[in-house]
Amino acid sequence: MARLPYVDPATASDPVRTALEAVPPLNVFRMVAHAETAFRPWLRFGGALLGEAQLDARLRELAILRVAKLTPGADYEWVQHVPIALAVGATEEQIGALATGDLEAECFGTDERIVLRFTTEVVRDAAPSEANWRDAAGRFTPRELIELLLTIGQYMALGRVMATTRIDIDGPFGVDVQRSAAQRRSSSA
């Protein structure tokens, strides 16, 4: 059971209610909505990471799942993002390897291993080793590297909100969240 009540759209302020009506009815959104002034910018930021980044969506999702596995209490993140990862091209074999922590499994290619090692070190040590930095910088553009770092940071923060507030797992609605981000992007263009 969650440690805090979820925001009820019916009693929320107009800006929060409008924002909640625009996203799938997930507990994570209803929990983060308590931070009224940060909630809408946070939704836009998350939407940019999910729908506008240059970083390959499959690599992004593998990084998010790695963050989830490294974050105690972030099971919610895993449940929501497995369907997204599969929808953007990750395989069941890759999901299984991530679930067991086998980052060197044959199902991962060079770029995937680089992203997974990079993500692991950023989560555990705040920065990648020089060797992993060189590998990543040799394969990805500066934009992709910063997008990867922002994605890792976003899901580290969210994982801590999930673990601390003990958000109840609902869904999975992950594919709906990605679709909602894409729709918001196309309607604002």
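The values are calculated or read from the model by the stated rules, or taken from the named source; none is laboratory data. In this text the structure is predicted, and so the values were computed from the model without any measurement. Cβ: placed from backbone, ideal geometry, glycine included. Neighbour counts: every protein chain shown. For the accessible areas, the whole protein counts, side chains as well, though only heavy atoms, and no ligand, DNA or RNA atoms are used. Shrake-Rupley method; radii C 1.70, N 1.55, O 1.52, S 1.80 Å.
When you go through (1) within 25 Å of Gly171 (Cα to Cα); (2) surrounded by fewer than 21 Cβ atoms within 10 Å (Cβ to Cβ); (3) not basic (Lys, Arg) one by one for Leu59, which number turns out not to apply?
Among (1) within 25 Å of Gly171 (Cα to Cα); (2) surrounded by fewer than 21 Cβ atoms within 10 Å (Cβ to Cβ); (3) not basic (Lys, Arg), Leu59 violates only (2).
Is there a residue being on the phi < 0 side of the Ramachandran plot, part of a loop (DSSP other than H, G, I, E, B) and among the polar types (S, T, N, Q) anywhere in region 9-19?
yes
Against the condition modelled with pLDDT of 95 or more and closer than 20 Å to Leu158 by Cα, how does Leu43 come out, does it pass?
Yes.
Considering only region 59-77, how many residues are modelled with pLDDT of 95 or more and in a helix (DSSP H, G or I)?
The qualifying residues number 12.
For region 21-35, enumerate the residues that are hydrophobic (A, V, I, L, M, F, W, C) and free of Cβ contacts under 8 Å to residues at least 60 places away in the same chain.
Phe29, Ala33, Ala35
Applying the selection to region 30-45, what residues are within 30 Å of Phe140 (Cβ to Cβ) and crowded, with 20+ Cβ neighbours inside 10 Å?
Correct list: Val32, Leu43.
Do any residues in region 142-158 that are surrounded by fewer than 18 Cβ atoms within 10 Å (Cβ to Cβ) have Cβ atoms under 6 Å from those of residues that are of a type outside the set (A, V, I, L, M), where the two are at least six apart or on different chains, and which pairs are they?
Pairs that qualify, where the first residue is surrounded by fewer than 18 Cβ atoms within 10 Å (Cβ to Cβ) and the partner is of a type outside the set (A, V, I, L, M), are Arg143/Gln54.
Taking region 159-179 as the search range and keeping residues that are open to solvent by 60 Å² or more (accessible area, probe 1.4 Å) and hydrophobic (A, V, I, L, M, F, W, C), which one is modelled with the highest pLDDT?
Ile169
Conditions tested, residue by residue: (1) open to solvent by 20 Å² or more (accessible area, probe 1.4 Å); (2) touching a Ser or Thr at 6+ places or on another chain (Cβ under 9 Å); (3) aromatic (Phe, Trp, Tyr).
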residue	(1), (2), (3)
Glu21	yes, no, no
Pro25	yes, no, no
Leu49	no, yes, no
Ala68	no, no, no
Glu77	no, yes, no
Val88	yes, no, no
Val122	no, no, no
Ser129	yes, no, no
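Before we move on, is Ala97 of a type in the set (Gly, Ala, Ser) and buried (at least 22 other Cβ atoms within 10 Å of the Cβ)?
no
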